[in-house]
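The values are calculated or read from the model by the stated rules, or taken from the named source; none is laboratory data. In this text, all values refer to a predicted model and were calculated from it rather than measured experimentally. Positions of Cβ are generated from backbone atoms using ideal geometry, with glycine treated the same way; all protein chains shown enter the neighbour counts.
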Amino acid sequence: MIIKRIALNGFRNYDFETAEFDPGTNVIYGENAQGKTNLLEAVYMLAAGKSFRTRFDKEIIGFGCDVAEILADVLSHDREQTVRIVMKSGQRKQISVNSVKKTASELSGTVTAVLFCPDDLNLIKDGAAARRKLLDNAISQIRPRYAEYLTEFNRYYENKTRILKDWREKPSLLDTLDDFSDGMCRMSAQIIRYRASFAARLNEEAAPIHSEFSSAGERLDIVYDTVSTVKDPTGSVKEIYYDLCDHLEKHRKAELESQQCLTGAHKDDLIISINGQNARSFASQGQTRTAALSIKLAEREIYLDETGEYPILLLDDVLSELDTKRQEFVLNRIGGGQTLITCCEDEGISKRTGGRVLHVDKGRIR
Ligand SMILES: Nc1ncnc2c1ncn2[C@@H]1O[C@H](COP(=O)(O)OP(=O)(O)OP(=O)(O)O)[C@@H](O)[C@H]1O
Ligand SMILES: [Mg+2]
């Protein structure tokens, strides 16, 4: 999976600009606030159909512009395709591949990308939401249905949350509570099954990378943690659904009292341990960083397995956060696929990896 060239029109601080990429490493350097992350954001959107920085497309439209457009030629399995995304204020974004209209979740079949930014280095110490986000972003790209279940789940969750919050003032709201609870259980059952199997693969792929990476050959374990009554999260959707209904039944009163949703996939987590100890509580900063790197690199291997090609790897400002040993490890492992690396100075990365150097200066790429 390779992006050959991109044209940005009214996208963030890019008025109208084009860039050509090397199939290997691309080092994108420039001073602060020149548009490096914006460029990565555009490439990421080609894969995910959405930004990693904002939920609001209108923020992406360049100041003073009416429309933002991303146009890109991508190459996958020897087939070149043109992806176009157009965002207009107050309208749904339009996505097309070779002029055929697509939804955001259908894009995953055309472009895949793994993003790695400094925030990801805190993946293990952060709250559970960060790890759910990792699962959601990763699975959505290889399983378009998952993204749909997730959207549906969020809709039920938001409605149910509102009912639980307001039912005391407006008891008639409770008439629809059961429907939303049931919808949440149905969607949760689907989501849980996908997450459980992805977590198992992440565990398989990340453990050897982490072991190779850590000097003492540490053992990394990733275990999926979901609603307590779910006996087998990799089992059938029906069984998971019944287990969730069980939990719901037992917590019905508690939900009304606490005014919070207590049953569903919104509380899932990944329990990450190093040498048998919970990493979130016990691991050192170096250990958690190594584990986070291993998990991100594992994501790339899973995509390769799934699609037969490495995804585009987007490293936003991450190398400068790493010591030389970890930098070397990452740079040595990224061969085989296309990588876009942003940094403030071209710290000789291109000399080590080959490839192209692009200089970004006030929304111009050279
Ligand atoms: N919708 C928009 N229209 C125009 N400019 C925007 C828009 N959104 C953000 N910008 C501008 O884009 C500029 C560059 O942002 P970007 O995050 O790409 O910088 P960067 O090169 O990655 O910098 P850093 O090294 O600090 O991370 C910022 O000055 C910001 O004000
Ligand atoms: Mg940046």
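Need at least 2 residues that are buried (at least 17 other Cβ atoms within 10 Å of the Cβ) and more than 14 Å from ligand 2 (Cβ to nearest atom) per element, so show me which strands (runs of 3 or more DSSP E) inside the stretch 28-103 make the cut, counting only ones lying wholly within it.
On the way: elements: 67-76, 79-88, 94-97, 100-102.
It comes to 67-76, 79-88, 94-97.
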Scan Tyr44, Tyr29 and give me the residue that is under 30 Å from Arg193 (Cα atoms), in contact with a strand residue (DSSP E or B) (Cβ under 6 Å, 6 or more places away or on another chain), within 16 Å of ligand 1 (Cβ to nearest atom) and not polar (S, T, N, Q). Tyr44
Given the criteria within 16 Å of ligand 1 (Cβ to nearest atom), closer than 29 Å to Thr342 by Cα and in contact (Cβ under 8 Å) with a residue 40 or more places away in the chain, does Ile70 qualify? yes
Any residue that is buried (at least 19 other Cβ atoms within 10 Å of the Cβ), of a type in the set (Phe, Trp, Tyr) and assigned to a helix (DSSP H, G or I) - is there at least one of those in the stretch 202-218? yes
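Has the stretch 334-347 got any residue that is assigned to a helix (DSSP H, G or I) and either away from ligand 1 (no atom under 16 Å from the Cβ) or in contact (Cβ under 8 Å) with a residue 60 or more places away in the chain (or both)? Before the answer, list the steps.
Applying the first criterion (assigned to a helix (DSSP H, G or I)) to the stretch 334-347 yields none.
No; the residues of the stretch 334-347 include none that is assigned to a helix (DSSP H, G or I) and either away from ligand 1 (no atom under 16 Å from the Cβ) or in contact (Cβ under 8 Å) with a residue 60 or more places away in the chain (or both).
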Check off (1) at pLDDT 95 or above; (2) within 16 Å of ligand 1 (Cβ to nearest atom) for Ser99 and give me the number that stays unchecked. (2)
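Kindly check whether there is at least one residue in the stretch 289-304 that is assigned by TED's automatic domain parsing to the domain that holds Ala200, over 18 Å from the mean Cα position of the chain (by Cα) and at pLDDT below 95.
Keep residues of the stretch 289-304 that are assigned by TED's automatic domain parsing to the domain that holds Ala200, which gives 289-304.
Narrowing the set further to residues that are over 18 Å from the mean Cα position of the chain (by Cα) leaves 290.
Filter again for at pLDDT below 95, leaving 290.
Scanning the stretch 289-304 turns up at least one residue that is assigned by TED's automatic domain parsing to the domain that holds Ala200, over 18 Å from the mean Cα position of the chain (by Cα) and at pLDDT below 95.
Is at least one residue of the stretch 86-94 more than 23 Å from the chain's Cα centre (by Cα) and at positive phi?
Yes, that holds for at least one residue.
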